[in-house]
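Heads up, the thing below is written out as structure tokens.
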Number of protein chains: 2
Amino acid sequence: MAGDTDWVAAATTDPALACPTSAVIDIVFSRWTTPILWTLHTEGRQRFVELQRRIGTITPKVLTQRLRQLERDGLVVRTYHPEVPPRVEYEITDLGRSLAPLFAHLATWAAGNLDKVEQARHDFDADPPRGAHSSP
Amino acid sequence: MAGDTDWVAAATTDPALACPTSAVIDIVFSRWTTPILWTLHTEGRQRFVELQRRIGTITPKVLTQRLRQLERDGLVVRTYHPEVPPRVEYEITDLGRSLAPLFAHLATWAAGNLDKVEQARHDFDADPPRGAHSSP
DNA sequence: ATAGCCACTTTCCTCTAGGTACCTACTATA
DNA sequence: TATAGTAGGTACCTAGAGGAAAGTGGCTAT
């Protein structure tokens with residue numbers, strides 16, 4: 001409740017249209033960050049290879065890049081153990097964990113509305129609008 | 001509340017790790033979609049050029065692409081008026097409007113935590129970790 | 001007769017995220 | 001001696017997204 005009002009209120013004060021969500025989106029929803037945060041949240045503290053294996057298709061280079069970014073943003077902590085062989089552990093921070101309700105909200109919306117999107121896509125593809133686009 | 005539990009529950013049932021949020025992210029948080037939805041939500045029904053002018057830096061090609069995608073996903077409706085000059089109006093749908101609380105949630109998180117991210121970045125840049133990366 | 005408007009479409013070009021493959025140093029194991 | 005395991009780093013390459021600019025068509029205003 002009042003979410004609607006917040007949205008409107010925030011937007012009308014921002015003519016430049018860099019709507020307040022865009023910064024969050026860049027931080028949290030860039031490619032690979034959600035699977036990483038998700039895994040760290042659900043599986044707890046993990047080593048590099050564990051993460052890589054669990055996510056499955058990510059390459060070590062990109063995983064390193066994303067983990068650095070998340071570390072810099074304060075969403076994960078990296079702990080280096082100077083042993084042999086070297087051991088590094090990644091863990092989600094409190095700040096990272098504070099995203100959990102947001103993710104839950106996302107999942108809830110998905111559960112309730114994803115089929116509507118699917119339906120809309122199906123309808124659109126089955127009967128594409130002949131308003132002006134698509135030249136006969 | 002229970003958001004945390006939802007997150008864990010959903011993840012443990014999904015070993016493939018296409019976490020339930022990734023589909024939503026592709027639909028809602030791809031580039032330019034949030035400014036477009038935002039503008040349509042706050043300013044109401046609008047024509048193509050109004051949208052373009054308000055968003056400012058988007059090119060007509062990309063705006064068309066995004067609007068088609070949003071139309072296909074059922075988040076906006078396009079109304080074509082075969083007049084002279086032609087007139088097209090875009091409007092957000094109920095499905096699109098159902099994202100409002102989610103956006104509000106995002107904005108709330110941003111308001112409360114964006115400064116922490118900034119701080120973390122500042123700290124990280126000021127004193128980069130010497131665990132293993134960066135060779136002296 | 002020419003210019004302009006709208007809502008695009010088309011063509012070309014650039015830029016970068018991401019992928020492939022190979023490299024480091026160190027030790028334990030076979 | 002050779003291999004495997006660890007946590008990456010580095011160089012190179014490609015595909016695709018996105019930007020710039022010009023074209024399209026039909027009517028209208030000058």
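Per this entry, A:Asp94 is counted among residues that are open to solvent by 60 Å² or more (accessible area, probe 1.4 Å), more than 7 Å from chain B (Cβ to nearest Cβ) and farther than 23 Å from B:Val24 by Cα. Taking only segment A:54-81 into account, find how many residues are outside any helix (DSSP H, G or I) and either surrounded by 17 or more Cβ atoms within 10 Å (Cβ to Cβ) or aliphatic (A, V, I, L, M) (or both). Of the residues in segment A:54-81, 7 are outside any helix (DSSP H, G or I) and either surrounded by 17 or more Cβ atoms within 10 Å (Cβ to Cβ) or aliphatic (A, V, I, L, M) (or both). Condition check for A:Glu71 on (1) closer than 20 Å to B:Lys116 by Cα; (2) out of contact with any Pro (no Cβ under 9 Å at 6 or more places or on another chain); (3) not hydrophobic (A, V, I, L, M, F, W, C): one failure, at (2).
With the condition kept exactly as written, say whether any residue in segment A:52-60 is modelled with pLDDT of 90 or more and within 30 Å of B:Trp38 (Cβ to Cβ). No, because not a single residue in segment A:52-60 is modelled with pLDDT of 90 or more and within 30 Å of B:Trp38 (Cβ to Cβ). If you take the residues in segment B:41-53 that are within 12 Å of DNA strand C (Cβ to nearest atom) and within 11 Å of another protein chain (Cβ to nearest Cβ), which one is least open to solvent (accessible area, probe 1.4 Å)? Restricting to residues being within 12 Å of DNA strand C (Cβ to nearest atom) and within 11 Å of another protein chain (Cβ to nearest Cβ), the top hit is B:Leu51. Out of curiosity, is B:Asp26 charged (D, E, K, R) and more than 14 Å from DNA strand C (Cβ to nearest atom)? Considered against the rule, which asks whether it is charged (D, E, K, R) and more than 14 Å from DNA strand C (Cβ to nearest atom), B:Asp26 comes out as no.
Would you mind finding the one in B:Asp115, B:Asp123, B:Asp73, B:Asp127 that is away from DNA strand D (no atom under 13 Å from the Cβ) and at pLDDT below 90? One residue alone meets the criteria, B:Asp127. With respect to the stated conditions, A:Arg78 fails to be in contact with a Phe, Trp or Tyr (Cβ under 7 Å, 6 or more places away or on another chain), closer than 30 Å to B:Leu99 by Cβ and free of Cβ contacts under 8 Å to residues at least 40 places away in the same chain. Considering B:Pro35, B:Pro85, the condition of being in a loop (DSSP other than H, G, I, E, B) and either at the interface with chain A (Cβ under 7 Å from one of its Cβ atoms) or over 21 Å from A:Asp127 (Cα atoms) (or both) is satisfied by B:Pro85 alone. Only residues that are open to solvent by less than 50 Å² (accessible area, probe 1.4 Å) and within 22 Å of A:Val117 (Cα to Cα) were counted across segment B:82-91, and they come to 2. Just to be sure before I move on: is A:Leu102 in contact with a Gly (Cβ under 6 Å, 6 or more places away or on another chain), more than 13 Å from DNA strand D (Cβ to nearest atom), part of a helix (DSSP H, G or I) and facing another protein chain (nearest Cβ under 7 Å) in the structure I sent? Spelling it out, it is not the case that A:Leu102 is in contact with a Gly (Cβ under 6 Å, 6 or more places away or on another chain), more than 13 Å from DNA strand D (Cβ to nearest atom), part of a helix (DSSP H, G or I) and facing another protein chain (nearest Cβ under 7 Å).
The values are calculated or read from the model by the stated rules, or taken from the named source; none is laboratory data. This one's a predicted model, so the numbers in the text were calculated from it and none came from an experiment. No Cβ is skipped: glycine too gets one built from the backbone with ideal geometry, and neighbour counts run over all protein chains shown. These accessible areas exclude ligands, DNA and RNA; they are computed on the full protein's heavy atoms, side chains included. Shrake-Rupley method; radii C 1.70, N 1.55, O 1.52, S 1.80 Å.
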